[in-house]
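Notes for the one structure printed next.
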Amino acid sequence: IEGRSIFISAHLAGAKDFDFLYTFSLPDLTKVPLIDRLIENSSGNKEALPKRLYDEALIKSVKFISSEAIFSYTVHRGIFIASFNQTLVEDAIRQLNSGTTIISDKNFMRVMNTAGEKSDVNLFINYKTFPDVVATFLKQSTRSTMNFLSRFGNWSELDLTIRESALLLNGYTYSNDS
């Protein structure tokens, strides 16, 4: 995966929780067995969990001994998709099969085009879903106060540069005129 962009996105997973989805481009499908071995060896578990076909994609799962968490992943249409939440993997497969991607969102593309190529991390915030994810960290009584963020803008892109004694952020926010 060296030299490839890895996308890590946070998604609401249930009413009061969130989980991460990991994706990256893997056009060389001969690398899939290597990824399988890497994930299986990382789990520390030799127990084979059943594979299953979902919407034309073969989902594989491994259980991590240290946490009992089950990690599900697939390589579908040249994209590696993984999460500790199997529903997120299924949602990503459906999204990929639909042909509609985030790149078709013109508001996202406005901030994507501002992303710095030399920054360590490009962070994207979708204000439509961000308040729900942030609310998972808050007391029930203060969750509703985060709703204003959904009206703050459409997307933000932040370039994160990591230094020995500092984290530097620079970015742009786009809000359409409605």
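Quick rundown of the values:
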{"item": "Subset of the range 131-178 that is open to solvent by less than 70 Å² (accessible area, probe 1.4 Å) and among the aromatic types (Phe, Trp, Tyr) - its residue that is nearest to Tyr22 (Cα to Cα)", "result": "Trp155"}
{"item": "Any chance Ser72 is crowded, with 16+ Cβ neighbours inside 10 Å, touching a Leu at 6+ places or on another chain (Cβ under 9 Å) and of a type in the set (Gly, Ala, Ser)", "result": "yes"}
{"item": "For Gly3: the one exception among (1) free of Cβ contacts under 8 Å to residues at least 40 places away in the same chain; (2) touching a Ser or Thr at 6+ places or on another chain (Cβ under 7 Å); (3) part of a loop (DSSP other than H, G, I, E, B)", "result": "(2)"}
{"item": "Search result, residues across the range 6-28 that are assigned to a loop (DSSP other than H, G, I, E, B) and touching a strand residue (DSSP E or B) at 6+ places or on another chain (Cβ under 7 Å)", "result": "Ala13, Leu26"}
{"item": "Enumeration of residues in the range 93-130 that are open to solvent by 50 Å² or more (accessible area, probe 1.4 Å), more than 26 Å from Val75 (Cα to Cα) and either part of a helix (DSSP H, G or I) or of a type in the set (A, V, I, L, M) (or both)", "result": "Lys106, Arg110, Phe130"}
{"item": "Meets criteria (surrounded by 16 or more Cβ atoms within 10 Å (Cβ to Cβ), out of contact with any Asp or Glu (no Cβ under 6 Å at 6 or more places or on another chain) and on the phi < 0 side of the Ramachandran plot) for Leu21", "result": "yes"}
{"item": "Tally, over the range 42-60, of residues that are outside any loop (DSSP other than H, G, I, E, B), open to solvent by 40 Å² or more (accessible area, probe 1.4 Å) and modelled with pLDDT of 90 or more", "result": "4"}
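For every residue, the table says whether it meets (1) at pLDDT 95 or above; (2) in contact with a strand residue (DSSP E or B) (Cβ under 7 Å, 6 or more places away or on another chain).
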site: Val62; (1), (2): no, yes
site: Ile65; (1), (2): no, no
site: Tyr73; (1), (2): yes, yes
site: Gly78; (1), (2): no, yes
site: Ser83; (1), (2): yes, yes
site: Leu88; (1), (2): yes, yes
site: Arg94; (1), (2): yes, no
site: Asn107; (1), (2): no, yes
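Yes/no matrix, rows are residues, columns are (1) on the phi > 0 side of the Ramachandran plot; (2) among the polar types (S, T, N, Q):
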| residue | (1), (2) |
| --- | --- |
| Asp55 | yes, no |
| Leu58 | no, no |
| Val62 | no, no |
| Asn85 | no, yes |
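The values are calculated or read from the model by the stated rules, or taken from the named source; none is laboratory data. Remember, predicted model here, so these are calculated numbers, not experimental data. Cβ atoms come from the backbone with ideal geometry, glycine included; neighbour counts cover every protein chain shown. For accessibility, only protein heavy atoms count, side chains too; no ligands or nucleic acids. Shrake-Rupley method; radii C 1.70, N 1.55, O 1.52, S 1.80 Å.
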